[in-house]
Amino acid sequence: SGTYIPQDENDKFEIYRCNLGVVSLNLPMIYMKAKTENEQFFDVLDYYMSIGRNIGKKTANYLYKLKASCDPLVFMEGGFDGGTLGPDDCIEPVLKKSTISFGYGGLHELTKLHLGKKLSEDSSFAVETLKHINENITRYKKEDGLLWALYGTPGESMLPIFCEQFIKEYGKVKGVTNNGFFTNSFHMNVEDDITPIEKIKKESVFFPLSVGGCICHVRIPSIAPEMNEGIKSLLRYSMSLGMYQSINHAQNRCRECGNHWIGDDSLPFEENYTCPKCGSTNTIGIRRMN
């Protein structure tokens, strides 16, 4: 998955989606380690990337040696491109087209630590950091014969752990650890007072740098007919920038009368899930409509 731009009219590309594994970098913690030990950030980043590189190589080598019979549908019956192997054949030829990735989290917090600004205010150091990671990845691809890639990790469960690790080692830092989690990959911080169009535009600069996987989320209150044109224009704008776009909203539905209303998790549980039209509690709440 990801974005590929053909180099000339004779160039060709294949589309597939298979990632053999991800090692995600806790960027704020790596930065703080460099700062407290009086080392250069990129040098410490290189060190942790070398650890991730060894993990990725071991993962790939292990998977390459598996037999096609481990998943007949994928590797023997053509589920994957080239997946017409015999049961005792190793699956390496099929997996050679698959990426193995470095992920990352906390680009917003990294920017706060280095510049004292939000990522939405200044993305220069964030872009420099991802370009540095990609320079290493380009070298790794040549030296390892693996399809290394940079992945904007969608680490909803991982990012609170990243923050906990940071606090345990370096304590709380104002503007960095306040929320108890680090911001997802290159996303703007959830507290930023920016419009959906501004968010898409600011995050678009990171898409060409995260070709192993990336997504932009925009959250809106609810889907309603009068919002259709606005939603269409959001999608058109995002697609004009070549982005993988998600529009999220929360919605409740009453099973008794069919009423729909906007979900609001700031309300007490009973109040939030009681139908405002008929008073029934036989309702369902969906918190991640895409």
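The values are calculated or read from the model by the stated rules, or taken from the named source; none is laboratory data. Remember, predicted model here, so these are calculated numbers, not experimental data. Using ideal geometry, Cβ is built from the backbone for each residue, glycine included, and neighbour counts are taken over all protein chains shown. Just the protein is used for accessible areas: all its heavy atoms, side chains included, with ligands, DNA and RNA removed. Shrake-Rupley method; radii C 1.70, N 1.55, O 1.52, S 1.80 Å.
Is the range 160-236 best put as rounded, prolate or oblate by its Cα gyration tensor, with a ≥ b ≥ c the root eigenvalues, rounded for a/c under 1.5, and otherwise prolate when a/b is larger than b/c, oblate when not? Prolate is the answer for the range 160-236, as a/c is 1.5 or above and a/b outweighs b/c. Taking the convex hull of the alpha carbon positions in the range 45-85 and averaging its projected area over all directions gives 3.4 nm². Just check the chain against the gyration tensor rule for me: Cα atoms, a ≥ b ≥ c as the square roots of the eigenvalues, rounded for a/c under 1.5, and otherwise prolate or oblate depending on whether a/b exceeds b/c. Verdict is oblate for the chain.
Other residues lying with their Cβ under 15 Å from the Cβ of residue 207 contribute a combined charge of +3, Lys and Arg counting +1, Asp and Glu -1. Placing one equal scatterer on every Cα of the range 28-129 and applying the Debye formula, the log10 ratio I(q)/I(0) at q = 0.12, 0.15 Å⁻¹ is -0.60, -0.71. As a check on your grasp of the helix formula, calculate [θ] at 222 nm for the chain: sum -39500 (n - 2.57) over DSSP H runs of n ≥ 4, divide by the residue count, round to the nearest 500. Taken over the chain, the calculation gives -11500 deg cm²/dmol. I need the calculated FRET efficiency for the pair residue 197 and residue 261, taking r as the beta carbon distance and R₀ as 25 Å, to the nearest 0.05. Working from the Cβ atoms, E equals 0.40. What the phi angles of the range 142-155 give under the Karplus curve with 6.51, -1.76 and 1.60, with θ = phi - 60°, is a coupling list of 5, 7, 9, x, 10, 8, 5, 8, 9, 10, x, 4, x, x Hz, glycine and proline written as x. Expressed to the nearest 5 percent, the antiparallel share of DSSP beta bridges inside the chain is 35 percent. For the range 132-190, just say rounded, prolate or oblate: build the C-alpha gyration tensor, square-root its eigenvalues into a ≥ b ≥ c, call rounded for a/c under 1.5, and beyond that prolate if a/b exceeds b/c, oblate if not. The shape class here is prolate. Please report, as a whole percent, how much of the solvent-accessible surface of the chain comes from carbon and sulfur atoms (probe radius 1.4 Å). Using a 1.4 Å probe with all protein chains present, the chain comes out at 53 percent carbon and sulfur. Rounded to whole numbers, the Karplus 3J(HN,Hα) couplings from phi for the range 203-216 are 7, 5, 5, 8, 4, x, 9, 10, 6, x, x, 6, 8, 10 Hz, using 6.51 cos²θ - 1.76 cosθ + 1.60 with θ = phi - 60°, and x at Gly and Pro. The phi-based Karplus calculation (6.51 cos²θ - 1.76 cosθ + 1.60; θ = phi - 60°) puts the 3J(HN,Hα) values of the range 112-123 at 4, 5, 8, 10, x, 10, 6, 4, 5, 8, 7, 9 Hz, whole numbers, x for Gly and Pro.
In the range 89-201, the alpha-carbon atoms span a convex hull of 149 Å³ per residue. The mean sequence separation of alpha-carbon pairs under 8 Å and at least six residues apart, normalised by the residue count of the chain, gives a relative contact order of 15 percent. Note that the chain presents 56 Å² accessible area per residue, ligands and nucleic acids not counted, probe 1.4 Å. Using R0 = 30 Å, the C-beta based FRET efficiency linking residue 51 and residue 135 works out to 0.95. With a cut-off of 9 Å between beta carbons, the residues surrounding residue 83 carry a summed charge of -3, where Lys and Arg count +1 and Asp and Glu -1.
Tell me the net charge near residue 124. Cut-off is 12 Å between Cβ atoms, residue 124 excluded, with +1 for each Lys or Arg and -1 for each Asp or Glu. Taking every other residue near residue 124 into account, the sum is -1. Structure remark: mean-square fluctuation, Gaussian network model of the chain, C-alpha springs under 10 Å; the largest value among 233, 280, 98 belongs to 280.
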